[in-house]
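The structure under discussion appears below in the form of structure tokens.
The values are calculated or read from the model by the stated rules, or taken from the named source; none is laboratory data. This one's a predicted model, so the numbers in the text were calculated from it and none came from an experiment. FYI the Cβ positions are ideal-geometry reconstructions off the backbone, even for glycines, and counts take in every protein chain you see. Just so you know, the surface numbers come from the protein's heavy atoms only, side chains and all, with ligands and any DNA or RNA stripped out. Shrake-Rupley method; radii C 1.70, N 1.55, O 1.52, S 1.80 Å.
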Amino acid sequence: MAKPRNRPDAVSSTYFEGVTPLWVAPGRAPIPERYHAASFSLADWAGPSWPDNAASGFFPLRHFLIEACAKWQAHDWQADRDQIAARKQDARHRPSLVKATQAFRQAIGRSSFRRAERELGVSIAAEFCPHAKFELEHKDSCNAVANALRELEKRWSRVDRSPVRFGPLLYDTIPRLPEREIAVALVLADLVTGFRKDEHRAGGNHFPRPAVLSPKLPWKAIAEFATAYSDDPEASINPDNVAMRVRNLRGKVAQIMRYP
């Protein structure tokens, strides 16, 4: 037997009757069906006071959760994956670039009177500034090319530590990517933490920033919101594993964004 809900299914207020967790103000679009189960689960978590915005904040919280899900659904996740894949390939290619650049620098430096260095410098300058005139001494122009190649070797020898983005997640280094639903679930858990109406409220509205997770979050509702657009009825993210997976992801992510 299903556990009875610790809340009324419908309530009446001064102005409206039959208010349910799917209620919207007159003139507003109805809640899409994909969010129905999540909305009821969120009301279950809010408890008997769910219709009282002052006590539970249910209706604005429901709105913000749906808004976040819709915006991240529209995000170009594949573009993020492609960029990360390109950076991984670039990282694998860097050692060979360093060796090739070093060999090239040493080879042209051995030419008679360092003529090859000068010709390389003149050729590059002519491509960038075809009408420019340079009054460099032979030694200075040769050293400029050699020094530039040395600097290129140093740059390619450094580990790529530029921030990496995957949807709402910002990493310090190239990561192993989580499922997009787990990434969205982390954002939703942070959002609930910031908007809940009890002593566990925390976080802020300035982004990007580290994610903040409070205790006793509505994990069932978060899982249902995060998978609202999933075509897989047996998606791997579910109320039984979402809390652990979101907390693990939080430890790997430097910062998050609430919206794209």
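Of all the numbered requirements in (1) touching a residue at least 12 places away in the same chain (Cβ under 8 Å); (2) part of a loop (DSSP other than H, G, I, E, B); (3) under 30 Å from residue 240 (Cβ atoms), residue 161 misses one, and that requirement is (3). Looking only at residues that are open to solvent by less than 20 Å² (accessible area, probe 1.4 Å) and in contact (Cβ under 8 Å) with a residue 40 or more places away in the chain in the stretch 49-66, which one is nearest to residue 257 (Cα to Cα)? Among them, the one singled out is 65.
When you look at residue 189, is it buried (at least 22 other Cβ atoms within 10 Å of the Cβ) and touching a strand residue (DSSP E or B) at 6+ places or on another chain (Cβ under 6 Å), yes or no?
So residue 189 fails the test.
For the stretch 159-178, the criterion of a residue being among the aromatic types (Phe, Trp, Tyr), at pLDDT 85 or above and closer than 27 Å to residue 62 by Cβ is satisfied by at least one position.
Only residues that are out of contact with any helix residue (DSSP H, G or I) (no Cβ under 9 Å at 6 or more places or on another chain) and either more than 26 Å from residue 143 (Cβ to Cβ) or open to solvent by 60 Å² or more (accessible area, probe 1.4 Å) (or both): list them for the stretch 101-120, please. Passing the criteria: 106, 112.
Which one is most open to solvent (accessible area, probe 1.4 Å) among residues in the stretch 138-169 that are closer than 30 Å to residue 206 by Cα and among the β-branched types (Val, Ile, Thr)? So, considering only residues that are closer than 30 Å to residue 206 by Cα and among the β-branched types (Val, Ile, Thr), the one most open to solvent (accessible area, probe 1.4 Å) is 159.
Okay, residues lined up against (1) in contact (Cβ under 8 Å) with a residue 60 or more places away in the chain; (2) outside any helix (DSSP H, G or I); (3) under 24 Å from residue 36 (Cα atoms):
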{"residue": "173", "(1), (2), (3)": "no, yes, no"}
{"residue": "185", "(1), (2), (3)": "yes, no, yes"}
{"residue": "190", "(1), (2), (3)": "yes, no, yes"}
{"residue": "202", "(1), (2), (3)": "no, yes, no"}
{"residue": "240", "(1), (2), (3)": "no, yes, yes"}
{"residue": "249", "(1), (2), (3)": "yes, no, no"}
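Condition check for residue 165 on (1) in contact with a Pro (Cβ under 9 Å, 6 or more places away or on another chain); (2) closer than 30 Å to residue 209 by Cβ; (3) not polar (S, T, N, Q): one failure, at (1). For the stretch 46-76, a residue qualifies if it is among the hydrophobic types (A, V, I, L, M, F, W, C), assigned to a helix (DSSP H, G or I), farther than 16 Å from residue 190 by Cα and at pLDDT 95 or above, and exactly one does: 70. Screening the stretch 215-238 for residues that are in contact (Cβ under 8 Å) with a residue 24 or more places away in the chain and polar (S, T, N, Q) and picking the one that is surrounded by the most Cβ atoms within 10 Å (Cβ to Cβ) gives 227. Would you please name the residue that is nearest to residue 104 (Cα to Cα), looking only at residues in the stretch 118-141 that are assigned to a helix (DSSP H, G or I), at pLDDT below 80 and of a type in the set (A, V, I, L, M, F, W, C)? Here the residue is 122.
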